[in-house]
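Bear in mind that the values in this text are calculations on the coordinates, not laboratory data. Every value quoted in this text rests on a predicted model; they were computed, and no experiment measured them. Cβ coordinates were reconstructed from backbone atoms using ideal geometry, including for glycine residues, and neighbour counts include every protein chain displayed.
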Amino acid sequence: MAAWGPSCKMPVSISQFQDLIRRTFGAKDSRRGIDGTFLWFVEEVGELAAALRGGSRAQQSEEFADVLAWLATLANSAGVDLESAIERKYRDGCPTCHQAPCQCDPAVKP
Ligand SMILES: [Zn+2]
């Protein structure tokens, strides 16, 4: 798979993005450890919550990118391949009813 990065204009896959995050932050992530990384991830989720409540469209977009980047970092630290994980769990739509759109009882899954 070709590396994705600043000079590449192709759409990015989840695997390519996770690889870019590994190449960009992997050494720092290893030093920080998974517990510290998880705290950063949660902090970014909090920033996304604040942006959704009162931020501009640009701020919201930036916080979504940060949350995804920190999720990729966390997956790297945990040794999880995000693309494979997503494919396994969501390839058939809803993991419970295996439909898209989800046909689960709204009382169970609103
Ligand atoms: Zn469902």
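Quick check: anything in the stretch 57-69 of a type in the set (Ser, Thr, Tyr), within 16 Å of the ligand (Cβ to nearest atom) and under 30 Å from residue 30 (Cβ atoms)? No, the stretch 57-69 contains no residue that is of a type in the set (Ser, Thr, Tyr), within 16 Å of the ligand (Cβ to nearest atom) and under 30 Å from residue 30 (Cβ atoms).
Sort out which residues of the stretch 70-110 are within 16 Å of the ligand (Cβ to nearest atom) and basic (Lys, Arg), and write them in order of number. Passing the criteria: 89, 91, 109. Residue count for the stretch 22-68 under the criterion of being part of a loop (DSSP other than H, G, I, E, B) and surrounded by 12 or more Cβ atoms within 10 Å (Cβ to Cβ): the result is 1.
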